[in-house]
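A.B. asks: Input: one structure, supplied below.
The values are calculated or read from the model by the stated rules, or taken from the named source; none is laboratory data. Quick caveat: nothing in here was measured; it's all calculated off a predicted structure. So basically every Cβ, Gly included, is an ideal-geometry build from the backbone, and we count neighbours across all protein chains shown. The accessibility values were calculated without ligands, DNA or RNA, using every heavy atom of the protein model including side chains. Shrake-Rupley method; radii C 1.70, N 1.55, O 1.52, S 1.80 Å.
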Amino acid sequence: MSEYLFFETKYEKDKSKMNKYFFYLLMNSFIMPLLNQSELFSVFNLLFSHEGVGKIQNLMNDNLIKKNSLFLRYVVTCTFISQCMVLLDLPHWFSNWMAHKTFDNKRSLDNLEKELRQKGLIDEDSKKKGPKDVYYFDIGYNIAFNQIIYIMVFTYGLISPLILLIGCTYFSFKYFIDKYNLTVVYPKEYEGNG
């Protein structure tokens with residue numbers, strides 16, 4: 001959606017994306033489970049009822065310790081399963097595979113090459129390189145997701161110290177996997193020369 005808001009800089013677009021993802025993840029992954037609500041509309045009904053914020057505080061206080069195992073499982077799942085999926089990078093691999101499969105088709109190669117040259121998606125020496133990779137690393141989503149895990153780890157770190165160890169493991173894995181993805185797997189979206 002941020003692509004259609006016509007931001008002047010890449011920073012403004014990424015910041016807008018990050019804020020939207022953060023609000024979405026905060027509501028769905030943290031606040032709604034603490035309030036025992038399954039819909040955002042019911043959270044707003046609680047907020048704007050005549051008891052208002054007091055009822056929300058009471059629900060959060062009551063559920064804070066009860067939901068400890070839920071958030072512990074969530075962080076464990078994010079640490080081991082989600083990071084393995086990020087490392088496999090299936091959507092990026094699939095889009096590259098489809099682009100190369102289409103590009104290597106000999107019948108439509110000339111027409112496709114003309115189209116791609118007009119759109120600026122292939123380089124001049126495209127017969128050696130193949131189609132240009134346009135699947136970039138989504139920095140806005142990754143920062144928002146890391147902030148949510150950070151909030152969960154430090155909220156429940158006092159109640160369950162085990163979640164601190166798992167959170168440390170998550171951020172260690174995330175560091176190495178994102179470093180690998182940014183330096184090896186994904187193309188650079190733009191050059192920041194200072």
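A.B. asks: Can you pull out the chymotrypsin sites (Phe, Trp or Tyr not before Pro) in the stretch 134-168 that DSSP calls coil and that have at most 14 other Cβ atoms within 10 Å? Can you show the working numbers first?
C.D. replies: Details: sites: Tyr135, Tyr136, Phe137, Tyr141, Phe145, Tyr150, Phe154, Tyr156; in loops: Tyr135, Tyr136, Phe137.
Passing sites in the stretch 134-168 are Tyr136.
A.B. asks: Moving on to the next point. Highest first, please rank the peptides 163-172, 36-45 by the mean number of other Cβ atoms sitting within 10 Å of their residues.
C.D. replies: Working: 163-172: 16.8, 36-45: 12.4.
So the order, starting with the most tightly packed, is 163-172, 36-45.
A.B. asks: Filter the cross-link list Lys119/Lys179; Lys15/Lys66; Lys17/Lys179 down to pairs whose alpha-carbon distance in this structure exceeds 29 Å.
C.D. replies: Violating the 29 Å limit, Cα to Cα: Lys119/Lys179; Lys15/Lys66.
A.B. asks: Could you please state how large a percent of the accessible area of the stretch 42-108 is carbon and sulfur, counting protein chains only and using a 1.4 Å probe?
C.D. replies: Values: 3100 of 4650 Å².
For the stretch 42-108, the apolar C and S fraction of the accessible surface comes to 67 percent.
A.B. asks: If each residue of separation counts as 0.36 nm, what is the full-extension length gain between Leu90 and Tyr190 once their alpha-carbon separation is subtracted?
C.D. replies: Details: separation 100, 0.36 × 100 = 36.00 nm, distance 2.29 nm.
Extra length from Leu90 to Tyr190 when fully extended: 33.7 nm.
A.B. asks: May I pose another question? In whole Å, how far is the Cα centre of the stretch 68-99 from that of the stretch 13-46?
C.D. replies: Computed from Cα coordinates, the inter-centre distance equals 21 Å.
A.B. asks: Something else about it: Can you give the FRET efficiency to the nearest 0.05 for Leu158 and Glu12, using r as the Cβ-Cβ distance and R₀ = 41 Å? Present the calculation step by step, with values, prior to reporting the outcome.
C.D. replies: Working: r = 37 Å, r/R0 = 0.89.
So the FRET efficiency works out to roughly 0.65.
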